[in-house]
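Visitor: One structure coming up, written as structure tokens, with questions to follow.
The values are calculated or read from the model by the stated rules, or taken from the named source; none is laboratory data. Because the structure is a prediction, the values reported are computed rather than measured. Glycine gets a Cβ as well: all are built from the backbone with ideal geometry, and neighbour counts include every protein chain shown. Surface accessibility is based on the protein's heavy atoms, side chains included, excluding ligands, DNA and RNA. Shrake-Rupley method; radii C 1.70, N 1.55, O 1.52, S 1.80 Å.
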Amino acid sequence: MKIRLLFLLFAALVPAGLPAAAPAPPETGVPFRAGAIEIDGRPDDPGWKAAAVLKLDRPPLGEPAAAPVPFTEIRLAYDETTLYVAFVCRDDDIRPAAGPDGLLHTGDVAELFIDGTGDRRRFFELQFNPAGLLRGTEHFFTGTELRLDADGLWTEWDKVGERQDCILSGLRHAAGMLRDGEGRICGWFVEAALPAKELLRRTGRGSFEAGKRLLANFVRYDYAAGKAEPDMVFWSATVSGRPHRSPGRFGTLLLLPR
């Protein structure tokens, strides 16, 4: 009885609506590809059949989930020279940005953030849209001591820079439409092949090995008629509009033995 009374007293002292602590960033294993993966915008290649599968279903930190949550699936595989990434995005109202003006996030877009070194000081942001457009940005921290706040954000923004229109040398990507059993468009698909030598450049290595850990995050923006703002879903939730400043929220991709 005393324990219960103490618990109730403590609960009464906690302010209503106090935000929950951010969940720990996720981790997943990435298998060696089980077959060929052609970067052609089609989801039926043999190499995708045994890929790791992630669901994007987390809203921005501190915000309610979209209703319904747009179905988004990530597929991951690797070989010695390449990390393979695919986005499967169900959508009956596809709205890509109108043109290659760099503002792909103003329409339906899938975003990948990847740090091949793992020190959270420098990483690439890659935006892919249903029309097959790609935008790349390199983000970097120039200070001496890296500090992150409780939400995983860089704290010294005056020491943060970016290099826009930065596409990884040798990156390949393609987009295509998903169709249901009657041939109707029911979503979109993007796949990309990221070269190991570019992701690992700062480590001095040129190929992937089992046991290597990469830091990454995945985000989807889904626009719909009648909504001024997109629904956003994450693998590892960040503050809204700040995934590109939140390396402390990146999850871990562990490359598994062949």
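Visitor: Within region 41-67, can you find the residues that are part of a loop (DSSP other than H, G, I, E, B) and open to solvent by less than 70 Å² (accessible area, probe 1.4 Å)? Full working, then the answer.
Guide: First, the residues of region 41-67 that are part of a loop (DSSP other than H, G, I, E, B): 41-45, 49-51, 56-57, 59-67.
Correct list: G41, P43, D45, A50, A51, L56, P59, P60, L61, A65, A66.
Visitor: Continuing with this model, one more query. List the residue pairs whose Cβ atoms are under 9 Å apart, where the first residue sits in region 161-190 and is more than 19 Å from R201 (Cβ to Cβ), the second is β-branched (V, I, T) and open to solvent by 40 Å² or more (accessible area, probe 1.4 Å), and the two are 6 or more positions apart or on different chains.
Guide: What qualifies is M177/I94; M177/I185; L178/I185; R179/I185; I185/I94; G187/I94; W188/I94.
Visitor: If you don't mind, another one. Condition (residue is over 25 Å from A22 (Cα atoms) and within 15 Å of the chain's Cα centre (by Cα)) applied to region 155-171: is it met by at least one residue?
Guide: There is no residue in region 155-171 that is over 25 Å from A22 (Cα atoms) and within 15 Å of the chain's Cα centre (by Cα).
Visitor: Give region 130-154 a look and list any residue that's under 16 Å from the mean Cα position of the chain (by Cα), free of Cβ contacts under 8 Å to residues at least 60 places away in the same chain and under 28 Å from G187 (Cβ atoms), or say none.
Guide: Across region 130-154, the qualifying residues are L134, R135, G136.
Visitor: All but one of (1) over 16 Å from the mean Cα position of the chain (by Cα); (2) open to solvent by less than 30 Å² (accessible area, probe 1.4 Å); (3) closer than 20 Å to L171 by Cβ hold for V30; state the number of the condition that does not hold.
Guide: (1)
Visitor: Within region 185-221, how many residues are touching a Phe, Trp or Tyr at 6+ places or on another chain (Cβ under 9 Å) and at positive phi?
Guide: The number of residues fulfilling the criteria is 1.
Visitor: Looking at the structure I just gave you, is S240 closer than 21 Å to D108 by Cα, open to solvent by 30 Å² or more (accessible area, probe 1.4 Å) and among the hydroxyl-bearing types (S, T, Y)?
Guide: On the way: closer than 21 Å to D108 by Cα: yes; open to solvent by 30 Å² or more (accessible area, probe 1.4 Å): yes; among the hydroxyl-bearing types (S, T, Y): yes.
Spelling it out, S240 is indeed closer than 21 Å to D108 by Cα, open to solvent by 30 Å² or more (accessible area, probe 1.4 Å) and among the hydroxyl-bearing types (S, T, Y).
Visitor: Those residues that are modelled with pLDDT of 95 or more and touching a Phe, Trp or Tyr at 6+ places or on another chain (Cβ under 7 Å), I need them from region 163-184; list them, please.
Guide: Residues satisfying the conditions are H173, A175, G176, M177, L178.
Visitor: I'm trying to understand the selection: among the residues of region 199-227, which are in contact (Cβ under 8 Å) with a residue 24 or more places away in the chain, open to solvent by 30 Å² or more (accessible area, probe 1.4 Å) and not in a strand (DSSP E or B)?
Guide: Result: R201, R202, T203, S207, E209, A210, G211, K212, Y223, A224, A225.
Visitor: A follow-up question, please. Among residues belonging to region 1-27 that are of a type in the set (G, A, S) and exposed (fewer than 10 other Cβ atoms within 10 Å of the Cβ), point out the one that is modelled with the highest pLDDT. Give the derivation first.
Guide: Going through region 1-27, the residues of a type in the set (G, A, S) turn out to be 11-12, 16-17, 20-22, 24.
Going one step further and asking which of them are exposed (fewer than 10 other Cβ atoms within 10 Å of the Cβ), we end up with 11-12, 16-17, 20-21, 24.
Details: A11: 40, A12: 41, A16: 42, G17: 42, A20: 56, A21: 67, A24: 94.
This residue is A24.
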